[in-house]
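**Q** So that we are looking at the same thing, I have put the structure below in structure tokens.
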Amino acid sequence: TLYRGFEQILVGRDPLDAIQITQRFCGVCPTPHGIASCQALENAFGIMPPPNGRIIRNIMQGANYIQSHVLHFYHLAALDYFRGPDVPPFVPRYEGDYRVPPSLRDSLIQHYVQAYHVRLKAHELCAIWSGKMPHMASLAPGGVSITPRLDNLTTSLWRLKELTEFIDTVYLPDVLTLAEIYRDYLQIGRGCGNYLSFGLFDLDAEPDVMRRKRFFAPGRVVRGTVEPLDSAKITEDVRYSWYDSPSHRHPSQETTSPDRSKKDAYSWLKSPRYGNEPYEVGPLARVILAYRRKEPTALVDLVDTTLSRLGIGFDDLCSVMGRHIARAIECKVIADQLTGMIMEVKLDEPVCTPHKIPESADGMGLWCAARGALGHWVSIRNGKIAKYQAVVPTTWNASPKDDKGVRGPIEQAMVGTTVADSDAPFELARIVRSFDPCIACAVHLIRPGKSILDMRVV
């Protein structure tokens, strides 16, 4: 529950420091933070990466998506659905609602272990281009600092082949198998019903991020209808957050001043809102938006095939199990797309656009982390960072109530859920984890009061 204060850490520093410092928000998703920070600086500097820089960043992000999605299903969520052996890390655990038969359970445990090696391969795929993982070394305003070589391409394709095989033959089938066993979780944990994405994988060098072409296009879905996105309509409320900063401001105008003793507050998260409404972000939001837009077609076809196999409707994806399905579908589509990205890299072309740090400028970077919409805003004065704000995916999803008392998506998804056993609240754990909350980027959900469950960590 510690307040970390990256906003204060960044003030007064060289703008280039932001790329490395913001990656330290999280060890799972440093890639999108680094890219969003680069984009905010590029917006302030008035530059855009050349094709090679843009493509290499996309490859980095694609590899990070695969690692993050595999991590979430096998190592953060799957053990809510099947019982592992009675040794760590499979214990301690809740006891009760496990439905997977022993023969299938043994196979899933093998896949759990195999997934660690798969994540390593995904990290290696990213590090080929980023220098190291986590926390990449080759990101820079204007592109990247790595000079591509032929062996970068060949070793990337080899690792991608292994990743794609695992996704096709293990990950996606395992998710669909659990969805068939836990069909009731296709009706549980709907959320707020609004969906938002900033988009992913730049396809051109349009300076205006809202007009830039992306493989996953930015936008919103409101009551089933696709709507445009206007970044000026993003605000954050703090009535129930441990801050004494002014409420309902655009991130570029925000300040971050902690107040742990604030009355009625219960979270270090602020409450992001778009047009005064809460929005769910993440793989489900991106899949819903893409399906409603009918592009990319590979994703639309895979969604249709999946719905047919499970015998469910599209709206059933707005659920606990639907989020897992959406994440696996997205992972396959991205892995398939990466081959083309790798082959687009040109060995004899520039990777970065020269830049000069302005004395005074403001910039914005909008991107999609694996967990959802991510925004970075920077103000530069006298050549130094004067203000820096980030609105991360888990802040959208796990936000406390806003100034009007409206709950965020995760809180809404839990309200009304029947909990069979308060000593083993499977239902709530499964709902929360289906959103893949990042407690590194955004610590949340603890409040002094009644003790429901005591745990000892040794």
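The values are calculated or read from the model by the stated rules, or taken from the named source; none is laboratory data. Fair warning: this is a prediction, and the values are worked out from it, not measured in the lab. Cβ coordinates were reconstructed from backbone atoms using ideal geometry, including for glycine residues, and neighbour counts include every protein chain displayed. Side chains included, ligands, DNA and RNA excluded: accessible areas come from the protein's heavy atoms. Shrake-Rupley method; radii C 1.70, N 1.55, O 1.52, S 1.80 Å.
**Q** Probe of 1.4 angstrom, ligands and nucleic acids ignored: what's the accessible area per residue over the chain, in square angstrom?
**A** For the chain, the per-residue accessible area is 40 Å².
**Q** Dipole of the range 97-248, Cα-centred, from +1 at each Lys and Arg C-beta and -1 at each Asp and Glu C-beta, to the nearest 20 debye?
**A** Working: 18 positive and 19 negative charges, 16 e Å.
Rounded to the nearest 20 debye, it is 80 debye.
**Q** Separate question: Relative contact order for the chain: what percent, with Cα pairs under 8 Å and sequence separation of 6 or more?
**A** Here the relative contact order equals 25 percent.
**Q** Another question about this same structure. Between Gly143 and residues 5 or more places away or on another chain, which pairs have amide H atoms under 5 Å apart, with H built 1.01 Å from N, and which residues are they?
**A** Thr353
**Q** Right, something else. About the Cα centre, and with charges only on the beta carbon of Lys, Arg (+1) and Asp, Glu (-1), how big is the dipole of the chain? Nearest 20 debye, please. Walk me through the intermediate numbers first.
**A** Numbers: 53 positive and 51 negative charges, 135 e Å.
Charge dipole of the chain: 660 debye, to the nearest 20.
**Q** Report the FRET efficiency, 1/(1 + (r/R0)^6), for Thr418 and Leu120, where r is their Cβ-Cβ distance and R0 is 60 Å, rounded to 0.05.
**A** Efficiency, rounded to the nearest 0.05: 0.90.
**Q** Another question, if that's okay. For the pair Ser257 and Val222, how long in nm is the line joining their label points, each one 7 Å along Cα→Cβ?
**A** A separation of 3.3 nm, rounded to one decimal place.
**Q** Can you sort Val345, Val91 by solvent-accessible area, 1.4 Å probe, largest first?
**A** Val91, Val345
**Q** Just tell me which aspartates and glutamates come within less than 17 Å, Cα to Cα, of Lys346; anything on the same chain fewer than 8 places away is out.
**A** Asp151, Asp202, Asp204
**Q** Do any trypsin sites (Lys or Arg not before Pro) in the range 309-378 lie in a loop, going by DSSP, with at most 15 other beta-carbon atoms within 10 Å of their beta carbon, and if so which? Numbers along the way, then the final one.
**A** Working: sites: Arg309, Arg323, Arg327, Lys332, Lys346, Lys356, Arg371; in loops: Lys346, Lys356, Arg371.
Hits after loop and neighbour filter: Lys346, Lys356.
**Q** Would you work out which of Val303, Val392, Ile181 lies farthest towards the positive end of the dipole of the chain, given +1 charges on the beta-carbon of Lys and Arg and -1 on that of Asp and Glu, about the Cα centre?
**A** The Cα lying farthest towards the positive end belongs to Val392.
**Q** What is the gain in length, in nm to one decimal, between Ala298 and Asp184 on full extension, counting 0.36 nm per residue of separation less the C-alpha to C-alpha distance? Intermediate results must be reported in sequence, preceding the final value.
**A** Numbers: separation 114, 0.36 × 114 = 41.04 nm, distance 2.77 nm.
Computed gain between Ala298 and Asp184 is 38.3 nm.
**Q** Oh, and also: About the Cα centre, and with charges only on the beta carbon of Lys, Arg (+1) and Asp, Glu (-1), how big is the dipole of the range 267-407? Nearest 20 debye, please.
**A** 560
**Q** So what is the 222 nm mean residue ellipticity for the chain from helices alone, if each DSSP H run of at least 4 adds -39500 (n - 2.57) and you divide by all residues, rounding to the nearest 500 deg cm²/dmol?
**A** Roughly -12000 deg cm²/dmol at 222 nm, from the helical runs in the chain.
**Q** Between the range 7-62 and the range 201-220, what is the separation of their alpha carbon centroids in Å?
**A** Cα centroid to Cα centroid, the span is 17 Å.
**Q** Along the positive direction of the dipole of the chain (beta-carbon charges: Lys, Arg +1; Asp, Glu -1; about the Cα centre), which of Leu71, Leu150, Ile357 reaches farthest?
**A** Ranked along the dipole, the leading option is Ile357.
**Q** Over the range 144-287, calculate the relative contact order: mean separation of alpha carbon pairs under 8 Å at least 6 apart, over the residue count, as a percent.
**A** About 20 percent, as a whole number.
**Q** Of the heavy-atom accessible surface of the chain (probe 1.4 angstrom), what whole percent is carbon and sulfur?
**A** 53
**Q** Compute the relative contact order of the range 337-439 as a whole-number percentage, counting only Cα pairs closer than 8 Å that sit 6 or more residues apart in sequence.
**A** So the answer I get is 17 percent.
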